[in-house]
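The values are calculated or read from the model by the stated rules, or taken from the named source; none is laboratory data. The model shown is predicted, which means the values in this text are computed figures rather than measured ones. Note that each Cβ is placed from the backbone with ideal geometry, even for glycine, and that neighbours are counted across all protein chains shown. The protein model used for the area step is the full one, side chains on, heavy atoms only, and it has no ligands, DNA or RNA in it. Shrake-Rupley method; radii C 1.70, N 1.55, O 1.52, S 1.80 Å.
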Amino acid sequence: MRYLHTMVRVRDIDESLDFYCGKLGLEEIRRHENDKGRFTLIFLAAPEDRQAALDTRAPMIELTYNWDPEEYQGGRNFGHLAYVVDDIYETCQRLADGGVTINRPPRDGHMAFVRSPDGISIELLQKGDALPPAEPWASMENTGSW
């Protein structure tokens, strides 16, 4: 058994790619348009997983865009995606500067949560040991749900 991908449905391709690629830093690996089924699949990988995704088609996120409008509530009971990052403070600052709400700030220097435009919860974990607590994160309150 081998992990391949996690599928999340998205409402708006451009908005979703801006979040996942432009802000979070994932890279588009491949795209499939299905005229008969009226959907688009876009596969994304983290930069350090790019070659594995190209070679083995894993690990990735599959963004599914259904051409006929549909509203998705609460990520359809989806838990969260998780990524390890080199510097959690820098990552959160870059996301915040891009207009992304940090729902659970990295007060502990180890873990933070944000949400995609479609309400998918994204967990960010510090690679290796937790960083020493630092402001403004150490005293920042949670915002919304995560």
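Can you pull out every residue in the stretch 102-128 that is open to solvent by 30 Å² or more (accessible area, probe 1.4 Å) and out of contact with any strand residue (DSSP E or B) (no Cβ under 7 Å at 6 or more places or on another chain)? Arg107, Asp108, Pro117, Gly128, listed by residue number. In this entry, Glu27 is excluded by the filter for residues that are within 23 Å of Arg94 (Cα to Cα), open to solvent by 70 Å² or more (accessible area, probe 1.4 Å) and under 15 Å from the mean Cα position of the chain (by Cα).
Of the numbered conditions (1) within 22 Å of Asp18 (Cα to Cα); (2) in contact (Cβ under 8 Å) with a residue 40 or more places away in the chain, Leu54 satisfies every one except a single condition; which is it? The one condition Leu54 does not meet is (2). Applying the criterion of being under 16 Å from Ile122 (Cβ atoms) and polar (S, T, N, Q) to the residues of the stretch 1-39, the residue that is modelled with the lowest pLDDT is Thr6.
Looking across the stretch 129-146, just one residue is of a type in the set (Phe, Trp, Tyr) and open to solvent by 70 Å² or more (accessible area, probe 1.4 Å), and that is Trp146. For the stretch 30-58: of the residues being in contact with a helix residue (DSSP H, G or I) (Cβ under 9 Å, 6 or more places away or on another chain) and open to solvent by less than 40 Å² (accessible area, probe 1.4 Å), which is nearest to Arg2 (Cα to Cα)? Looking at the filtered set, the residue picked out is Ala58.
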